[in-house]
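Peer 1: The structure's right below; bear with me while I get my questions together.
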Amino acid sequence: VRNNLALKHIRNMRRGDRALIYHSGKEKAAVGIAQIVSNPYPDPEKSDPKLVVMDIKAAGRLGRPVTLAQIKADTVFSDLALVRIPRLSVMPVNRRQWDRILKMAGRSG
């Protein structure tokens, strides 16, 4: 990730946080959940200390994908960066939005 805003969001992530896995290709849908298993650290493959990464592990699939069209159609997501800046690869999701996506996917908590 090289986008400054996405890097800022990575720097704010902490071990124990959860993340949605979103397919940005043809499908354009939230499809799973990941667990953040490390705090951010400098990317070991790059010489630029501004570039950071974190380690994640799969924590499960959503019951059904939640498409970008479904997200855009729901006013709960009007301020979600995915709706406003769809090419941004890392962004925060507030608790209400997180819960709504899980509900739309047929999953809880």
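Readers should treat all values here as calculations from the given coordinates under stated rules, not as data from a laboratory. Bear in mind the structure is a predicted one, so any value in this text is a computation, not a measurement. Positions of Cβ are backbone-derived with ideal geometry, glycine not excepted, and every protein chain shown enters the neighbour counts.
Peer 1: Taking a temperature of 4 °C and a viscosity of 1.567 mPa s, what whole-number D in µm²/s does Stokes-Einstein yield for the stretch 50-109 with Rh from Kirkwood over alpha carbon pairs?
Peer 2: In µm²/s, the coefficient is 100.
Peer 1: Also: Under 5 Å between amide hydrogens, which residues at least 5 positions from ASP17 or on another chain qualify, with H placed 1.01 Å from N in the peptide plane?
Peer 2: So ASP17 has HN proximity to ILE36.
Peer 1: What ³J(HN,Hα) values, in whole Hz, does the Karplus curve 6.51 cos²θ - 1.76 cosθ + 1.60 give for the stretch 69-79 when θ = phi - 60°, with x put for Gly and Pro?
Peer 2: 4, 5, 5, 5, 7, 9, 5, 4, 9, 4, 9
Peer 1: Given +1 on the Cβ of Lys and Arg, -1 on the Cβ of Asp and Glu, and no further charges, what dipole in debye does the chain carry about its Cα centre, rounded to the nearest 20?
Peer 2: Details: 21 positive and 9 negative charges, 46 e Å.
For this selection, approximately 220 debye.
Peer 1: Compute the longest continuous run of the chain that contains no exposed trypsin sites (Lys or Arg not before Pro); treat a site as exposed when its DSSP state is not H, G, I, E or B and it has at most 14 other Cβ atoms within 10 Å.
Peer 2: That gives 51-86 as the longest site-free run.
Peer 1: Once the Cα atoms of the chain are picked out, what are the Rg and Dmax in Å?
Peer 2: In Å, with Rg to one decimal and Dmax whole: 14.1, 43.
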